[in-house]
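The next block holds one structure in the form of structure tokens; read it before the comments.
The values are calculated or read from the model by the stated rules, or taken from the named source; none is laboratory data. All values reported here derive from a predicted model rather than from experimental measurement. In this analysis, Cβ positions are derived from the backbone assuming ideal geometry, glycine residues included, and neighbour counts consider all displayed protein chains. For accessibility, only protein heavy atoms count, side chains too; no ligands or nucleic acids. Shrake-Rupley method; radii C 1.70, N 1.55, O 1.52, S 1.80 Å.
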Amino acid sequence: MTDLAAVKAALKTQAVETPSWAYGNSGTRFKVFAQTGVPRTPQEKLDDAAQVHAVTGVAPTVALHIPWDKVEDYAALAKHAEERGLKLGAINSNTFQDDDYKLGSICHPDAAVRRKAVDHLLECVDIMDATGSRDLKLWFADGTNYPGQDDLRERQDRLAEGLAEVYGRLGDGQRMLLEYKLFEPAFYATDVPDWGTAYAHCLKLGPKAQVVVDTGHHAPGTNIEFIVATLLREEKLGGFDFNSRFYADDDLMVGAADPFQLFRIMYEVVRGGGLGSEVAFMLDQCHNIEAKIPAIVRSVMNVQEATAKALLVDRVALAGAQRAGDVLGANAVLMDAFSTDVRPLLREVREETGLDPDPIAAYARSGWAQKIVAERVGGQQAGWGA
């Protein structure tokens with residue numbers, strides 16, 4: 001029998017970081033559908049994030065994206081977050097929306113462009129100093145579209161050189177999280193295309209460099225939980241970007257396409273000691289046609305449900321079946337946990353912590369959606385456009 005008290009205790013310690021950009025207008029490269037009440041400033045994004053944390057109790061940090069969230073006074077922004085019961089989380093860099101980065105950023109053949117990109121990353125570390133953020137999260141759109149366009153090995157050398165300079169700037173308690181992506185926007189060769197490339201660079205850099213697993217950045221059929229298990233075993237899993245995909249990097253709500261995959265990932269996290277450790281669990285999603293705040297609340301709940309099921313796996317029985325070579329028995333242990341309806345358990349957890357058992361209903365009753373539609377009139381809505 002599973003110790004339900006221990007499961008509840010673990011669930012109460014869980015934290016899911018929400019991304020500032022998910023509160024703004026975002027979507028596909030073809031069209032972004034603007035919504036009413038969308039934040040116009042980083043401060044208003046934090047105001048919305050506070051509503052998510054208020055109804056879920058497990059979303060206390062908000063990731064920023066620079067320059068989308070650029071302000072004059074980052075210490076004041078951190079104070080704004082603190083006053084709303086939040087803290088500022090990972091600082092995400094942006095080296096993909098400037099015309100100079102057409103051929104790459106820190107892998108670009110032109111040293112002047114590489115210098116510009118590295119200076120931006122160093123600026124992000126300065127922002128970390130001001131906000132008290134722990135993590136610098138790096139994703140590079142760098143790559144090539146055609147064979148012969150650039151020297152593949154030299155691009156890796158440039159990447160290593162740039163990362164090393166930024167790594168040397170990190171302070172005590174700060175980390176560099178390196179994300180990988182199979183393809184897009186580079187279609188022939190991507191400079192950080194997979195976990196192995198990211199791992200190799202992080203291993204060479206040192207203990208402050210960790211790998212980020214974005215659940216949408218893999219080829220169809222990829223065993224993502226194997227990657228998670230391996231990186232945990234090597235103590236190189238820095239965090240997740242949780243989202244869901246049907247075809248490619250769809251950035252849909254986590255657990256929407258394949259909740260069984262999310263469960264399998266979270267089981268390996270629990271099995272490998274990643275829950276309650278320094279592994280960062282962050283959402284990285286676009287809400288283009290659905291209401292943004294409820295979608296983020298639902299995403300947090302999906303992570304909670306997958307985690308609860310992972311915690312319910314009878315690991316003693318599973319290990320016994322595995323050692324005995326009982327193929328069907330071992331699989332049945334996992335399937336029993338996955339098939340468990342954990343919603344009543346999570347309702348109990350929320351009630352025990354003074355929260356409404358139904359976060360979606362609680363948000364609907366709060367009146368926040370109507371309030372922001374009425375008040376956020378004029379100005380320029382946050383978003384990346386399309």
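Within the stretch 247-256, take every residue that is part of a loop (DSSP other than H, G, I, E, B) and touching a strand residue (DSSP E or B) at 6+ places or on another chain (Cβ under 9 Å) and give me the one that is nearest to residue 26 (Cα to Cα). Walk me through how you get there before you give the answer.
Going through the stretch 247-256, the residues part of a loop (DSSP other than H, G, I, E, B) turn out to be 247-251, 253-256.
Checking the rest, the ones that are also touching a strand residue (DSSP E or B) at 6+ places or on another chain (Cβ under 9 Å) come to 249-251, 253-256.
Details: 249: 14, 250: 12, 251: 10, 253: 13, 254: 16, 255: 19, 256: 18 Å.
Checked the stretch 247-256; the qualifying residue nearest to residue 26 (Cα to Cα) is 251.
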#### Entry: Count - residues of the stretch 377-386 that are buried (at least 18 other Cβ atoms within 10 Å of the Cβ) and at positive phi
1
### Query
Could you list, in sequence order, the residues of the stretch 132-149 that are surrounded by fewer than 20 Cβ atoms within 10 Å (Cβ to Cβ) and touching a Leu at 6+ places or on another chain (Cβ under 9 Å)?
132, 149
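Mind listing whichever residues of the stretch 3-33 are part of a loop (DSSP other than H, G, I, E, B) and open to solvent by less than 50 Å² (accessible area, probe 1.4 Å)?
Of the residues in the stretch 3-33, the ones part of a loop (DSSP other than H, G, I, E, B) are 3, 14-16, 24, 26-33.
Of everything in the stretch 3-33, those that are part of a loop (DSSP other than H, G, I, E, B) and open to solvent by less than 50 Å² (accessible area, probe 1.4 Å) turn out to be 14, 15, 16, 24, 26, 27, 32.
Out of the stretch 132-186, which residues are of a type in the set (Phe, Trp, Tyr), out of contact with any His (no Cβ under 8 Å at 6 or more places or on another chain) and within 28 Å of residue 281 (Cα to Cα)? Walk me through how you get there before you give the answer.
Narrowing the stretch 132-186 to residues of a type in the set (Phe, Trp, Tyr): 139-140, 146, 167, 180, 183.
If we keep only those that are out of contact with any His (no Cβ under 8 Å at 6 or more places or on another chain) too, we end up with 139-140, 146, 167, 183.
If the condition is that a residue be of a type in the set (Phe, Trp, Tyr), out of contact with any His (no Cβ under 8 Å at 6 or more places or on another chain) and within 28 Å of residue 281 (Cα to Cα), then 139, 140, 167, 183 are the ones that fit.
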### Query
Can you pull out the residues in the stretch 164-175 that are more than 16 Å from residue 238 (Cα to Cα) and of a type outside the set (D, E, K, R)?
164, 166, 168, 171
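Return yes or no: is residue 374 open to solvent by 40 Å² or more (accessible area, probe 1.4 Å) and either in a helix (DSSP H, G or I) or touching a strand residue (DSSP E or B) at 6+ places or on another chain (Cβ under 7 Å) (or both)? Working first, answer last.
On the way: open to solvent by 40 Å² or more (accessible area, probe 1.4 Å): yes; either in a helix (DSSP H, G or I) or touching a strand residue (DSSP E or B) at 6+ places or on another chain (Cβ under 7 Å) (or both): yes.
Spelling it out, residue 374 is indeed open to solvent by 40 Å² or more (accessible area, probe 1.4 Å) and either in a helix (DSSP H, G or I) or touching a strand residue (DSSP E or B) at 6+ places or on another chain (Cβ under 7 Å) (or both).
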### Task
Go over the candidates 182, 170, 152 one by one and state the one that is modelled with pLDDT of 95 or more and under 17 Å from residue 124 (Cβ atoms).
170
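Per-residue answers, yes or no, for (1) out of contact with any strand residue (DSSP E or B) (no Cβ under 8 Å at 6 or more places or on another chain); (2) farther than 30 Å from residue 55 by Cβ; (3) assigned to a loop (DSSP other than H, G, I, E, B):
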position: 88; (1), (2), (3): no, no, no
position: 116; (1), (2), (3): yes, yes, no
position: 119; (1), (2), (3): yes, yes, no
position: 122; (1), (2), (3): yes, yes, no
position: 127; (1), (2), (3): no, no, no
position: 130; (1), (2), (3): yes, no, no
position: 137; (1), (2), (3): no, no, no
position: 146; (1), (2), (3): yes, yes, yes
position: 153; (1), (2), (3): yes, yes, no
### Message
Can you confirm whether residue 67 is within 19 Å of residue 177 (Cα to Cα) and either part of a helix (DSSP H, G or I) or open to solvent by 20 Å² or more (accessible area, probe 1.4 Å) (or both)?
### Response
yes
